[in-house]
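Data block below; observations after.
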Amino acid sequence: MSKFTYKAINNSGKTVSGTIESASIESANEYLSRQGLTPIIVQPKSGNAFDLNSLFGAKVKLKDMVIFTRQLSTMINAGVPLVRSLYTLQSQTESKALKAHLIEISKDIEGGASFADALEKHSDVFSPIYINMVRAGEAGGILDEILKKLALQQEKDAKIRQKFKSAMTYPTILLSITGIVFIGLMTIVMPKIGGIVKDLSNGAPLPPITVVMLAISGFMVKFWYVIIGVIAGTLFGLKRYTKTPNGRRWRDRTLMKIPVLKQVIVKVAVARFSRIFASMMAAGVSVLDAIEVTGKAIGNSVLEDELIAAAKMVANGSQLSQPLSESKVFPAIVAQMLAVGEETGQIDEVLIKVAEFYEDEVDATVESLSSILEPIMIVVMGAMVGLIAASVISPISNLSNQI
């Protein structure tokens with residue numbers, strides 16, 4: 001697919017211009033004609049010294065997306081035309097990356113594309129959920145309501161992420177300090193003390209713990225570059241591997257084997273699934289499409305596989321609650337509440353209640369996670385320092401007994 005710039009006349013007789021993607025000039029002309037435009041000039045897009053794609057590499061922050069979505073919802077609800085709303089928000093946003101995307105989106109809409117089709121060209125910023133819900137909102141004439149739901153969903157996601165980061169901040173700092181202290185003691189303090197201990201022992205055999213710690217210290221001092229290379233290579237390799245489908249599955253399955261962390265992961269995923277699925281059902285998206293999009297959005301390949309398997313059963317005529325009731329990952333309450341929603345025809349309302357329940361559960365679990373991890377990190381730090389102290393004190397104690 002290539003990019004083409006065009007000038008055309010719309011049904012009102014006005015000249016419009018923009019950029020589209022197409023296989024050839026002929027197919028671009030056909031596309032414009034189908035949109036009710038009369039092409040004047042269609043030509044391949046030439047390269048510019050200032051390429052907006054360089055800005056597209058910059059990440060659009062979730063905070064900026066939430067503000068944009070809520071403001072756009074308010075403006076559309078007030079009767080402001082979509083293109084005018086987008087141009088207004090371009091000038092107001094502080095995000096240069098988002099502004100660049102909005103400029104291109106506005107041009108595509110002026111060229112006759114729907115809002116959802118314009119967003120689809122920027123899938124690195126707008127998720128499949130966002131695009132599908134906007135498409136459903138345009139079809140149903142409730143775009144402002146859909147945007148409100150999207151903004152609320154993004155705010156909930158941001159809140160959960162922030163709380164998890166906050167809970168992990170102190171344990172992470174403790175772990176980092178522990179690592180720095182251990183490296184400092186083993187590479188600076190231990191070699192000096194080790195030399196003194198050997199002199200004092202006067203050839204007598206040292207305790208096993210002292211021998212082991214001195215061997216580790218000597219290896220770290222002599223082959224520090226090897227250790228750094230191995231650690232850097234391992235981290236780089238893991239990062240690359242976890243970006244692959246198999247790597248994501250391995251990472252998610254490994255994390256879900258950690259008892260306390262598994263609870264947090266499942267509750268976050270279930271809260272996200274419930275809110276996203278409810279929003280898509282309220283927007284009129286089909287069950288199968290909603291399952292597919294939601295599975296990709298919950299951020300956990302283990303639960304995504306569960307939903308893919310559930311989608312196959314739904315396609316064969318089952319209700320979604322049936323496969324979820326047999327799931328080993330989804331809590332039983334999800335299937336039970338979903339069954340109630342299916343019977344009453346209020347799936348979206350029921351799942352919103354489930355989402356709110358699990359969001360509260362996430363808050364409580366994250367707080368308890370922080371209180372559990374902090375003493376564990378302190379014990380680990382004390383154990384490392386204690387090993388080094390024991391390796392030094394043991395030979396001195398033996399020497400004093402001999403004297």
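The values are calculated or read from the model by the stated rules, or taken from the named source; none is laboratory data. On a predicted model such as this, the values are computed, not experimentally measured, just so you know. For neighbour counting, all protein chains shown are included, and Cβ atoms are generated from backbone atoms with ideal geometry for every residue, glycine included.
Summed over the stretch 265-283, the residues that are in a helix (DSSP H, G or I) and more than 19 Å from R161 (Cβ to Cβ) give a count of 5.
Quick grid of which residues meet (1) under 29 Å from the mean Cα position of the chain (by Cα); (2) among the small types (G, A, S); (3) modelled with pLDDT under 80:
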| residue | (1), (2), (3) |
| --- | --- |
| D360 | yes, no, no |
| I372 | yes, no, yes |
| G386 | no, yes, no |
| S397 | no, yes, yes |
| I403 | no, no, yes |
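Answer with yes or no whether K121 is among the basic types (K, R) and at pLDDT 80 or above. Answer is yes for this residue. Would you check which residues across the stretch 229-264 are free of Cβ contacts under 8 Å to residues at least 24 places away in the same chain and outside any helix (DSSP H, G or I) and list them? Selection gives T242, K243, T244, K257, I258.
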